[in-house]
1. Say we look at segment A:42-72 and pick out the residues that are at pLDDT 90 or above and more than 16 Å from A:Ala199 (Cα to Cα); which of these is nearest to the other protein chains (Cβ to nearest Cβ)?
2. Taking segment B:166-202 as the search range and keeping residues that are of a type in the set (D, E, K, R) and surrounded by 20 or more Cβ atoms within 10 Å (Cβ to Cβ), which one is nearest to the chain's Cα centre (by Cα)?
3. Please specify each residue of segment A:163-185 satisfying the condition of being out of contact with any strand residue (DSSP E or B) (no Cβ under 8 Å at 6 or more places or on another chain) and under 16 Å from A:Ile132 (Cβ atoms).
4. Take segment B:292-336 and flag every residue that is small (Gly, Ala, Ser) and in contact with a Lys or Arg (Cβ under 7 Å, 6 or more places away or on another chain).
5. Could you tell me which of the residues B:Gly27, B:Gly3 is touching a Leu at 6+ places or on another chain (Cβ under 9 Å), farther than 26 Å from A:Val124 by Cβ and of a type outside the set (Phe, Trp, Tyr)?
6. For a quick check of your reading: which helices (runs of 4 or more DSSP H) sit entirely within segment B:262-336 and have at least 2 residues that are among the polar types (S, T, N, Q) and at negative phi?
7. Taking only segment B:297-320 into account, find how many residues are among the aromatic types (Phe, Trp, Tyr) and within 14 Å of chain A (Cβ to nearest Cβ).
8. Tell me, please, whether a residue that is within 12 Å of chain A (Cβ to nearest Cβ) and buried (at least 19 other Cβ atoms within 10 Å of the Cβ) can be found in segment B:274-296.
Amino acid sequence: MNELLEKLSVSLQKGKAAEVTAYAQQAVAEGETAKDILDAMLTGMSIIGVKFKNNEVFVPEVLIAARAMNSGMDVIKPLLINQGVESAGKVVLGTVKGDLHDIGKNLVRMMMVGNGLEVVDLGVNVPPEKFIAAIEENHPDIVAMSALLTTTMGNMKEVIQAITDRGLRDQVKIMVGGAPVNADFALSIGADKYSPDAATAATDARDLIQPS
Amino acid sequence: MNGYEIILKNVTFADPDRIGLRFTYLGEGDVFRIYPQKPVYLRDGSEKINMATKWKVNDGTDEWGVEWQKGHSLGYPITDLEESFEKFVVPDPRAPGRFEGIDEVLSRPEAQGKWIQLNSPYCLFERLHEIRGFENTLIDIYTEPEKIEILLDKLIDFQIGMVEEAALHGKGRIHCFDTTDDWGTQQSLMINPEIWRELFKPRYKKLIDVIHSHGMYLRFHTDGNIETIMDDFIELGVDIINIHQPRLFDIKSFGEKYAGKICFEVAVDIQETLPSGDKVRIEEEVKELTEYWATPHGGMIGCEYRYLEDIGAKHEDLVFAFECFKKYSDLTKRRA
């Protein structure tokens, strides 16, 4: 990574949105490819993700870095399209029906966006039919579901059943998470992956889309 | 020893006979909680005023301008840090009616010798993210700390007002001020502990000093993993810390670090143990908690978690948890 892209990555890690915009614009002007600029930003977010996992940075730093990333993406989005750079993948995300908690789900969204994934956020209290409609409309690689309550985590199974009944199960990978959820539960309801935290969810999603 | 003496001696490490118990939902225990009521200026005449029951808007807009749906905040009044920030007005803690009926409500628990605790939740951080939105709050704390400090000063003054009202209307009969701020995620603090120390700790200190100056104790509820600021809570003079997820910590080493320095009000873990319904696990956890978090001289209150449906636990599990806390409650043998 050259010096300019390194500065871009560092500014992103510090959450300095205006600097990220300026460096991204300068990089475009100097002829850097959209892919290289994107990779520099993803490197920055990846470093933030690791620090978050290690408790070296906290939720707000992730939020601020993700917002800075969005500023940079605004600069390069048209170039990514022109240069035929595809997103790392698409995720449909939501907190399941009956559950109005959104903090964990929002963190997952931010970390996923910060990892170059396109996220369609359906919000909270999302019924199975809304997940189905979003799959049919957006053709995601992954459906990710969150639940904070033991009483609502069972609704994840209903969503998976609805996806299967609709004949869409082989088109998407399914991820689940939330305080009461664990790997055994994920297995028992037929999900592909359980992620214990937001940073892991983002890397898990990329691994599911492009196994290393 | 009556309930008041049991709790007081646990809080002050003055050799109580047993650990304290708070299982109000089951009609058991040493503690009686009272709640501020809807002030007169908001009433429409249909209200039943009773300080034994919590007044909270579950659907609609509350007096802070926060919109609620099924008990979850969905809309916040401070939508920007310009116009709506300038216009925002904190409710008056001294508005008439909040302590209406205090004499009636206290007569029975006083006769029973209970420890009386006033619940005034959403101390600083929780109120802040209700009035400003959660993500905005987290970002503002880092990017607009001066404006956040202005809000925090107003919020702590509200709570100080509630303490002073409690002292005025309670006339010494309210033993404990009880407030809340969830600070932890599953793994860590929500924000950098240094920023917590800079922005929040001094305001807590101001509140706690006023509580103590009126002869009351502070019980502070906080969810999540808050180990990085446990020493700060102790330094601030928090008397009782309420923890619902003891399994977020290594119970033994956590107890070895902090038992005897603060009184724990602790429930059987509401994420893992209680919802499991596994009686062996529940009893083992209670045994472990009383062994490591209580000292022979006090420092522990076993407590309930009442929103059983939310966590997928059964009434019978809570009853069993209570029985376990009773079984392992004796402290006199540990001093022998």
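The values are calculated or read from the model by the stated rules, or taken from the named source; none is laboratory data. Just so you know, these numbers come straight off a predicted model, no measurement behind them. Cβ sites come from the backbone with ideal geometry, for glycine too, and all protein chains shown count toward neighbours.
1. Selected residue: A:Ala68.
2. Of the residues in segment B:166-202, the ones of a type in the set (D, E, K, R) are B:171, B:173, B:178, B:181-182, B:194, B:197-198, B:201.
Filter again for surrounded by 20 or more Cβ atoms within 10 Å (Cβ to Cβ), leaving B:178, B:181.
Values: B:Asp178: 5, B:Asp181: 8 Å.
Across segment B:166-202, the extreme among qualifying residues is B:Asp178.
3. The first filter runs over segment A:163-185 and keeps only residues out of contact with any strand residue (DSSP E or B) (no Cβ under 8 Å at 6 or more places or on another chain), leaving A:164-171, A:179-180, A:184.
Hits for segment A:163-185 are A:Thr164, A:Asp165, A:Arg166, A:Gly167, A:Leu168, A:Arg169, A:Asp170, A:Gln171.
4. Of the residues in segment B:292-336, the ones small (Gly, Ala, Ser) are B:294, B:298-299, B:302, B:312-313, B:321, B:329, B:336.
B:Gly298, B:Ser329 - these are the residues of segment B:292-336 that are small (Gly, Ala, Ser) and in contact with a Lys or Arg (Cβ under 7 Å, 6 or more places away or on another chain).
5. That would be B:Gly3, the only listed residue that is touching a Leu at 6+ places or on another chain (Cβ under 9 Å), farther than 26 Å from A:Val124 by Cβ and of a type outside the set (Phe, Trp, Tyr).
6. Details: elements: B:273-276, B:279-292, B:308-311, B:315-327, B:332-335.
The helices (runs of 4 or more DSSP H) meeting that bar are B:273-276.
7. Let us first name the residues in segment B:297-320 that are among the aromatic types (Phe, Trp, Tyr), namely B:305, B:307, B:320.
Then drop every residue that is not within 14 Å of chain A (Cβ to nearest Cβ), which leaves B:305, B:307.
Selection size over segment B:297-320: 2.
8. Of all residues in segment B:274-296, those within 12 Å of chain A (Cβ to nearest Cβ) come to B:274-277.
Imposing the further condition that a residue be buried (at least 19 other Cβ atoms within 10 Å of the Cβ) reduces the set to B:274-275.
Scanning segment B:274-296, I find at least one residue that is within 12 Å of chain A (Cβ to nearest Cβ) and buried (at least 19 other Cβ atoms within 10 Å of the Cβ), so the answer is yes.
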